[in-house]
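Undergrad: Here it is: the structure, laid out below.
The values are calculated or read from the model by the stated rules, or taken from the named source; none is laboratory data. These figures come from a predicted structure and were not determined experimentally. Note that each Cβ is placed from the backbone with ideal geometry, even for glycine, and that neighbours are counted across all protein chains shown. These accessible areas exclude ligands, DNA and RNA; they are computed on the full protein's heavy atoms, side chains included. Shrake-Rupley method; radii C 1.70, N 1.55, O 1.52, S 1.80 Å.
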Amino acid sequence: MIGHNLQKRSYNVNQDTPSMTDNNSVLAVASALETVRQDISTHAQHYGRTAQSIQLLAVSKRKPVSAIREAIDAGQRAFGENYLDEAVEKILSIDDAELQWHFIGAIQSRKTASIAEHFHWAHGVDRLKVAQRLSDQRPASSAPLNICLQVNIDNETGKAGASFADIRQLAADCAVLPGIVLRGLMAIPAPRTELSEQRQAFARLRECLNSLQSEHPGMDTLSMGMSGDLEAAIAEGATIVRVGTAIFGARAD
Ligand SMILES: *Cc1c(COP(=O)(O)O)cnc(C)c1O
């Protein structure tokens with residue numbers, strides 16, 4: 001089989017300009033979003049899945065509120081952010097109860113209160129202390145915070161994520177915390193260009209989730225796949241894909 005190379009199309013870096021309110025850029029975000037939706041749908045069909053089983057998270061880190069609004073106008077409702085102060089500023093300034101905000105960055109203990117207060121999901125939970133704090137600090141008026149446990153699937157030094165060896169215990173400890181709901185696993189694999197190699201890495205996360213599901217049937221989420229490895233992630237069962245560059249253009253950082 002010839003792999004789909006849809007994700008290899010080049011992205012419009014010119015979107016990332018200070019003035020993002022002109023019509024050209026409105027069309028750029030809307031049409032990029034449509035292209036990503038079509039890619040998801042094409043890959044889903046190819047691998048015998050439904051597009052509805054895959055949620056697209058638009059990763060808007062380092063992008064202005066105007067770009068997020070363009071995506072909202074094009075029907076996008078779920079957004080991923082990495083940098084807490086920047087994210088909270090955007091969430092408060094947009095102030096739209098229809099939106100779903102996902103914190104996808106690494107989580108420092110001292111920053112948990114703000115995440116617990118402002119987000120619907122946190123994908124980067126990799127230790128019990130952080131999970132406990134998120135649970136304790138979740139406002140009583142909010143539904144429990146959805147969390148994914150991040151796994152360092154390639155055992156990279158300096159990378160966030162629990163090891164496969166520690167994940168079962170961490171899941172058991174998190175499952176009893178009242179302010180959070182354990183939804184699944186998240187990973188950012190080491191960069192690989194071959195589809196088959198990308199798939200192998202994601203397959204290990206899927207197998208790990210499958211083995212946890214007997215004890216934790218509510219774990220229904222595989223948060224994996226970004227602009228460069230979307231096809232592989234969908235092939236291996238991603239239920240949330242986190243896409244930034246392909247929607248909003250390249251970032252400066
Ligand atoms: C930035 C980021 C993404 C989006 O990456 P792109 O390559 O721009 O699609 C997804 N997930 C995480 C955790 C990120 O930090």
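Undergrad: Can you give me the distance in nm between label points at residue 194 and residue 38, each placed 7 Å from the Cα along the Cα-to-Cβ direction?
TA: 3.1 nm
Undergrad: Describe numerically, in nm with one decimal, the distance between label points set 7 Å from Cα along Cα→Cβ at residue 155 and at residue 45.
TA: 4.2 nm
Undergrad: In the neighborhood of residue 177, defined by Cβ-to-Cβ distances under 11 Å, what is the net charge if each Lys or Arg adds +1 and each Asp or Glu adds -1? Write out the running numbers ahead of the final one.
TA: Working: positive: 133, 138; negative: 136, 173.
Here the charged neighbours net out to 0.
Undergrad: So what does residue 47 come to for accessible area, using a 1.4 Å probe and Å² rounded to 10?
TA: Residue 47 exposes around 50 Å² with every protein chain in place.
Undergrad: If you don't mind, there's one more thing I want to ask. Under a straight-distance cross-link criterion of Cα-Cα below 23 Å, which lysines are reachable from residue 159, leaving out those fewer than 8 residues away in the same chain?
TA: Candidates past the 8-residue exclusion: 61, 111, 129.
Undergrad: Also, I was wondering about something else. For the pair residue 106 and residue 211, how long in nm is the line joining their label points, each one 7 Å along Cα→Cβ?
TA: For the pair residue 106/residue 211, the computed spacing is 2.6 nm.
Undergrad: Where both residues lie in the stretch 40-182, what percent of DSSP beta bridges are antiparallel, nearest 5? Kindly include the intermediate steps, with their values, before the conclusion.
TA: Working: 0 of 15 bridges.
About 0 percent, rounded to the nearest 5.
Undergrad: Please identify the trypsin sites (Lys or Arg not before Pro) of the stretch 197-251 that satisfy two criteria: DSSP loop assignment and at most 15 other Cβ atoms within 10 Å. Which are they? It would help to have the intermediate numbers written out before the result.
TA: On the way: sites: 199, 204, 206, 242, 251; in loops: 251.
Those that pass, being in a loop and sparsely packed, are 251.
Undergrad: I've got another one for you. Taking amide H positions as placed 1.01 Å from N in the peptide plane, with prolines and chain starts having none, which residues 5 or more places from residue 125, or on another chain, fall under 5 Å of its amide H?
TA: Sorted by chain and number, the residues that satisfy this are 148, 150.
Undergrad: Quick check for you: which residues of the stretch 106-137 have the amide N under 13 Å from the point 7 Å beyond the Cα of residue 169 toward its beta carbon?
TA: Hits in the stretch 106-137 for residue 169 at 13 Å: 127-129.
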